[in-house]
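Structure record follows, encoded as structure tokens.
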């Protein structure tokens, strides 16, 4: 490997030496796909403050407002394509180096990049479909959009009559216990933990990189801005995710 930045060469070395890596992704990997960062100034939440979970449950009008906001923000996610960073992660999974991806993102781009559903642990859910809050039945968005656009008809579960909501974790809603358990197990089982595109400030998810390091894994952080955990890492790259990871993995 010639004519590459030293940090890319070091990243490649750490990846090549790993036998079981875990990738942890935040918004940064998806902003390179054109999806705005929800939390940043001027981001989606500045324009469309999310409806809190208890308000969604108690109020029919708040449920309508939640769906209005979903329709307003959905096009940006629907037209996005996996970035070079997503494709590099999927290639590492294909090679058997990456055992799983733990993601704070809700856009489904890891799956669209070619990763199997059971390899992607979604801590904050998934906004590309909906589900029943009572029985868990899955519902695709297109029929919901079609009905809502006519007279703002709220979706109701055809299986049990329960409330239907996008399959994301809202403010005030419990983190998914199974996903958190799996993420901890994967973190404790890895020898390399790659934290990519996350500010590492949203807990409890942001605790996984430190847990991996404490358990003996090497820790790599790739993020545009410094994070509070940079001092713990074996390698820190403050730069673009796609070019950095793509060069290290050999993905265009």
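The values are calculated or read from the model by the stated rules, or taken from the named source; none is laboratory data. Because the structure is predicted, anything quoted here is derived from the model rather than measured. Cβ: placed from backbone, ideal geometry, glycine included. Neighbour counts: every protein chain shown.
Can residue 139 be described as within 20 Å of residue 57 (Cβ to Cβ) and either out of contact with any helix residue (DSSP H, G or I) (no Cβ under 8 Å at 6 or more places or on another chain) or surrounded by fewer than 17 Cβ atoms within 10 Å (Cβ to Cβ) (or both)? Taking the combined requirement at face value, the residue satisfies it. I want to confirm something. Restricting to the stretch 184-223 and keeping residues that are in contact (Cβ under 8 Å) with a residue 40 or more places away in the chain and over 27 Å from residue 247 (Cα atoms), which single residue is surrounded by the fewest Cβ atoms within 10 Å (Cβ to Cβ)? Step by step, filter the stretch 184-223, then rank; the result is 202.
From the list 119, 62, the lone residue that is free of Cβ contacts under 8 Å to residues at least 60 places away in the same chain and assigned by TED's automatic domain parsing to the domain that holds residue 194 is 119.
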